[in-house]
1. Is it true that residue 143 is within 19 Å of residue 215 (Cα to Cα) and in contact with a strand residue (DSSP E or B) (Cβ under 8 Å, 6 or more places away or on another chain)?
2. In the range 204-241, how many are without any contact (Cβ under 8 Å) to a residue 60 or more places away in the chain, surrounded by fewer than 24 Cβ atoms within 10 Å (Cβ to Cβ) and away from the ligand (no atom under 15 Å from the Cβ)?
3. Give me the pairs: first residue in the range 104-128 and free of Cβ contacts under 8 Å to residues at least 24 places away in the same chain, second residue assigned to a strand (DSSP E or B) and buried (at least 20 other Cβ atoms within 10 Å of the Cβ), beta-carbon distance under 9 Å, and six or more apart or on different chains, which are they?
4. Being surrounded by fewer than 16 Cβ atoms within 10 Å (Cβ to Cβ) and either under 21 Å from residue 231 (Cα atoms) or in contact with a helix residue (DSSP H, G or I) (Cβ under 7 Å, 6 or more places away or on another chain) (or both): is that true of residue 201 here?
5. Just need a number here: residues in the range 103-124 that are surrounded by fewer than 19 Cβ atoms within 10 Å (Cβ to Cβ) and either in contact with a strand residue (DSSP E or B) (Cβ under 9 Å, 6 or more places away or on another chain) or assigned to a helix (DSSP H, G or I) (or both).
6. Within the range 80-102, can you find the residues that are in a loop (DSSP other than H, G, I, E, B) and over 16 Å from residue 234 (Cα atoms)?
7. Going by the conditions given, is residue 77 part of a loop (DSSP other than H, G, I, E, B), at pLDDT 95 or above, under 19 Å from residue 38 (Cβ atoms) and more than 11 Å from the ligand (Cβ to nearest atom)?
8. Just checking, does the range 86-96 include any residue being buried (at least 18 other Cβ atoms within 10 Å of the Cβ), under 18 Å from the mean Cα position of the chain (by Cα) and more than 16 Å from the ligand (Cβ to nearest atom)?
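The values are calculated or read from the model by the stated rules, or taken from the named source; none is laboratory data. Since the model is a prediction, treat every value here as computed from it, not as a measurement. Neighbour counts are summed over all protein chains in view; Cβ atoms, including those assigned to glycine, are modelled from backbone coordinates with ideal geometry.
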Ligand code: IPD
């Protein structure tokens, strides 16, 4: 881990906490990712469908979330939890963990090596419009890339500090998006793509929102937009982007990321991308 700037400016106590939360999230994400990868090699069983026929959960999603939740309960019993597969529980501390055990479940089920464990620690009211993310990890256990961030301390990939692309090339922005599982939403999502394409040199749909955010943070994408994200899809990734100097927003109250729209990119692209995506 490279040298980081001394902790000055805001509450030292709070920043020390964020550092500890980040370290714990990294440790748990590695174990969780190892379990996901092992289960994938053994063969994936679809456990159930959720909001739509295409919205699946595997036995591994449940097992990995149970591992993460029990590790967090053992280490930080006072904290709250909000997970994709096992639901929400309020804590008595100010911290809530927001977890997607396997983001990119459809990729996982098909054997596409683009999925990730996503873990964020947030403080305040545990709703995306009100919380403040303080620590984040997105770990792809196939590539073994671990993206992590601590509020005020930058975003990192395996010891390398991440910086968003400030400005897309004159050829246009390399963008990513995603599509909801509900077929009734596809026409609206495609209309959004049509509005955004004049800004784009090309469009990617890789299938894991947390990795889309991480790739924006790493400058592998110029921007990302999607309707229909759940809190666990964006909690960690959004902090990676802002800590890498980017902007994150959407159609939530006060322009926050929300289920209605999430946008992440460098500051010079943000207004144009948000305006086009909002329509
Ligand atoms: C999904 C992925 C996908 C995005 C969906 C998410 P899941 O998460 O992040 O890229 O398009 O909106 O629900 O279901 O694989 O955890």
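1. no
2. The total comes to 2.
3. Pairs that qualify, where the first residue is free of Cβ contacts under 8 Å to residues at least 24 places away in the same chain and the partner is assigned to a strand (DSSP E or B) and buried (at least 20 other Cβ atoms within 10 Å of the Cβ), are 125/96.
4. Numbers: surrounded by fewer than 16 Cβ atoms within 10 Å (Cβ to Cβ): yes; either under 21 Å from residue 231 (Cα atoms) or in contact with a helix residue (DSSP H, G or I) (Cβ under 7 Å, 6 or more places away or on another chain) (or both): no.
No, not satisfied.
5. Just the residues of the range 103-124 that are surrounded by fewer than 19 Cβ atoms within 10 Å (Cβ to Cβ), to begin with: 106, 110-114, 124.
So of that shortlist, the ones also either in contact with a strand residue (DSSP E or B) (Cβ under 9 Å, 6 or more places away or on another chain) or assigned to a helix (DSSP H, G or I) (or both) come out as 106, 110, 113-114, 124.
Summing the residues that are surrounded by fewer than 19 Cβ atoms within 10 Å (Cβ to Cβ) and either in contact with a strand residue (DSSP E or B) (Cβ under 9 Å, 6 or more places away or on another chain) or assigned to a helix (DSSP H, G or I) (or both) in the range 103-124 gives 5.
6. Of the residues in the range 80-102, the ones in a loop (DSSP other than H, G, I, E, B) are 84-86, 90-94.
Those that are in a loop (DSSP other than H, G, I, E, B) and over 16 Å from residue 234 (Cα atoms): 86, 90, 91, 92, 93, 94.
7. Values: part of a loop (DSSP other than H, G, I, E, B): yes; at pLDDT 95 or above: yes; under 19 Å from residue 38 (Cβ atoms): no; more than 11 Å from the ligand (Cβ to nearest atom): yes.
Criteria not met by residue 77.
8. yes
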